[in-house]
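K.L.:
So that we are looking at the same thing, I have put the structure below in C-alpha cells.
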Amino acid sequence: MPELGKENDAAPKAVYIHIPFCTNKCFYCDFNSYVLKDQPVMDYLRALDREMELTVQATPPGEIKTIFVGGGTPTVLNPQEMEFFLKSVRKNFPDWAEDIEFTMEANPGTTDAEKLAVMKAGGVNRVSFGVQAFQNELLSGIGRIHNTDDVYRSLENAREAGLHNLSIDLMFGLPNQTVEMLEYSVGRALELGLPHYSIYSLKVEENTLFHTLFQKNQLPLPGEEDELKMYLLLMERMKAAGYKQYEISNFAKPGYESRHNITYWRNEDYYGLGAGAHGYVKRQRHMNIKGVNPYVEAAKQKLPRLDQFPVSKEEAMEDFVMVGLRMLDGIRMSDFTAQFGVTLEETFRNQLHKMTSAGLLEMHEDHGGYRLSEKGVLFGNEVFAEFIGALTT
C-alpha cells in the first residue's frame, strides 16, 4: 500500500474547466464553442458541478496549484451564473495552494465591474483577454465583436476590481495584416505594461469560415516571408521591453509565466472538465462529449466521456520532448529520467543528434538538457515533427 503522502503527491494539482459559450463564433475558431443565445447555461453549470463531483470521487485531487477556465468565453456568464460556477469550483476542489494561480479567459467588452467583483470574490486572480489586434478593421475582419476602446475599458475595470495579474493575446499572420500593423499592435500592447503577453500566429483550421475562404483562394494572408518578419519583430520588441520569451508564443515579466500552461508543457497531470475538455491523469487521456445538451444528459448518469485511453510509456516520452521543447529553457535530462527511469539520450539518440547537427537544438549547460537554438525557435514545428512517432511507429 503506498504511503499516503506519496499517493497525494501524484494526484493532479491543475484543473482546466471549459465554458463553451460565446457571443458569436470568430471566423478562425475551431474550438468547442457555441453562440450563447438560447443555450441552457444553468443546466450546463449544474452538469459541470456534477462532473467535478464524480471526478474527485474517482481521482481525489492534491493541493490545487492552478485553475484555468477557458472557452468559448467564460465571461459571457452573467454575475449570478458566474457566482454559482465559482462556488461550485471551490466546493469540489477546496484545497487550494496559498499562491494558487486562478486564470479566467475573457473577451474585452464582457467584463463589467459587477462581474469582475464576483470573479475576484470567487478566487480568480489572473485574467487573460483575447485582444488579437489594435486595429478595428482587422478585428472585424476576423469576426471579433469588440473594438480597441473595449480593450482599454476592460483592462481598467479589471484593475479597479483589484485584478492586476493580467495577460492579453495578440495574433499575427491575419488576413490583410502587414508587418507595420503588427508593429503598431505590439507597441500599443506594450504601452499597457502588463505582466504577460501571448502572441500567436493564425492557423487556418478545418470547419471554420476561414478554411472555406482559403479553399476558394479568397483569404488574403501575408506571405511566408512577411510572417517570419512578424515573428522576428515581436520577439525583438518583447525582449527590448524586458519580457522573457519563456515559450514559443509566450512572454512574461519574471515570475508571471502562466504556471497552468507550464503544467501542459511539462507533460504533468491535469483534470479536464466541461464539454469537449481534454484531461490527462495517471497516464490516461480523455476527451469529453462535445455538444452542450449531450454533455448535460451524460453528466447526470456518469462521467461524460467521449473517449478515454491509456498513454503508453513510449508515447508519453515523445510527448514529454515535444511539449517540453516549446519552452525556451527546454527539457532537463534529470526530469526525463525521474519520470521514465531511462535516459533521454539513449531513448532519442538519433533524433537529438540530427537536430543538434542541423543547429536547431543545443545543449542547455545550466540544467543539463536540450533546448531550441535561436534558429530552432523559428522552425520549432520541424523539430517537434522529428519526435512524433519516433518510438511508437
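K.L.:
Looking at the stretch 112-136, I want the residues that are modelled with pLDDT of 95 or more and have a partner that is β-branched (Val, Ile, Thr) and open to solvent by 10 Å² or more (accessible area, probe 1.4 Å) with Cβ atoms under 7 Å, at least 6 apart or on another chain. Which pairs are those?
P.N.:
Phe134/Thr148
K.L.:
For Glu101, state whether it is surrounded by fewer than 24 Cβ atoms within 10 Å (Cβ to Cβ) and over 21 Å from the mean Cα position of the chain (by Cα).
P.N.:
When the stated conditions are applied, Glu101 does not pass them.
K.L.:
Still on this structure: Checking the structure you have, find out if any residue of the stretch 174-182 is on the phi < 0 side of the Ramachandran plot, part of a helix (DSSP H, G or I) and among the charged types (D, E, K, R).
P.N.:
yes
K.L.:
Right, Ala58: farther than 30 Å from Lys203 by Cα, touching a residue at least 60 places away in the same chain (Cβ under 8 Å), surrounded by fewer than 16 Cβ atoms within 10 Å (Cβ to Cβ) and not hydroxyl-bearing (Ser, Thr, Tyr) or not?
P.N.:
yes
K.L.:
Just to check your reading of the model, which residue among Glu53, Glu101, Glu81 is free of Cβ contacts under 8 Å to residues at least 40 places away in the same chain and of a type in the set (D, E, K, R)?
P.N.:
So the residue among Glu53, Glu101, Glu81 that is free of Cβ contacts under 8 Å to residues at least 40 places away in the same chain and of a type in the set (D, E, K, R) is Glu53.
K.L.:
What number of residues within the stretch 379-393 satisfy the criterion of being among the aliphatic types (A, V, I, L, M) and either in a loop (DSSP other than H, G, I, E, B) or within 14 Å of Arg332 (Cα to Cα) (or both)?
P.N.:
Qualifying residue count, the stretch 379-393: 3.
K.L.:
Are any residues in the stretch 149-180 open to solvent by 40 Å² or more (accessible area, probe 1.4 Å) and not polar (S, T, N, Q), and if so, which ones?
P.N.:
Within the stretch 149-180, Asp149, Tyr152, Arg153, Glu156, Arg159, Glu160, His164, Glu180 meet the criteria.
K.L.:
Output the strands (runs of 3 or more DSSP E) that fall wholly within the stretch 224-276 and possess 3 or more residues being of a type in the set (S, T, N, Q) and either open to solvent by 30 Å² or more (accessible area, probe 1.4 Å) or under 18 Å from Gly187 (Cβ atoms) (or both), or say none.
P.N.:
Qualifying strands (runs of 3 or more DSSP E): none found.
K.L.:
Being in a helix (DSSP H, G or I) and in contact (Cβ under 8 Å) with a residue 60 or more places away in the chain is the filter; apply it to the stretch 277-296 and report the residue that is farthest from Lys13 (Cα to Cα).
P.N.:
Asn293
K.L.:
As an exercise: evaluate Gly187 against (1) buried (at least 16 other Cβ atoms within 10 Å of the Cβ); (2) out of contact with any Asp or Glu (no Cβ under 7 Å at 6 or more places or on another chain); (3) not in a loop (DSSP other than H, G, I, E, B) and give the number of the one condition it does not meet.
P.N.:
Checking Gly187 against (1) buried (at least 16 other Cβ atoms within 10 Å of the Cβ); (2) out of contact with any Asp or Glu (no Cβ under 7 Å at 6 or more places or on another chain); (3) not in a loop (DSSP other than H, G, I, E, B), the one that fails is (1).
K.L.:
Just to be sure, is Glu345 acidic (Asp, Glu) and open to solvent by less than 30 Å² (accessible area, probe 1.4 Å)?
P.N.:
No, not satisfied.
K.L.:
Taking Ala113, is it open to solvent by 20 Å² or more (accessible area, probe 1.4 Å) and small (Gly, Ala, Ser)?
P.N.:
So Ala113 passes the test.
K.L.:
Within the stretch 66-91, how many residues turn out to be surrounded by fewer than 19 Cβ atoms within 10 Å (Cβ to Cβ) and within 22 Å of the chain's Cα centre (by Cα)?
P.N.:
Matching residues across the stretch 66-91 total 1.
K.L.:
Another one. Name the residues in the stretch 84-98 that are part of a loop (DSSP other than H, G, I, E, B), of a type outside the set (Asp, Glu) and either at positive phi or in contact (Cβ under 8 Å) with a residue 24 or more places away in the chain (or both), would you?
P.N.:
Phe93, the sole residue that qualifies.
K.L.:
Let me spell it out: the conditions are (1) in a strand (DSSP E or B); (2) at pLDDT below 95, and Val69 meets all of them except one. Which number is the exception?
P.N.:
For Val69, the exception is condition (2).
The values are calculated or read from the model by the stated rules, or taken from the named source; none is laboratory data. Quick caveat, the model's predicted, so the values are computed rather than measured. Methodologically, a virtual Cβ is constructed for each residue, glycine included, from the backbone with ideal geometry; neighbour enumeration extends over all protein chains shown. Please note that ligands, DNA and RNA were not included when accessible areas were found on the heavy atoms of the full protein model with its side chains. Shrake-Rupley method; radii C 1.70, N 1.55, O 1.52, S 1.80 Å.
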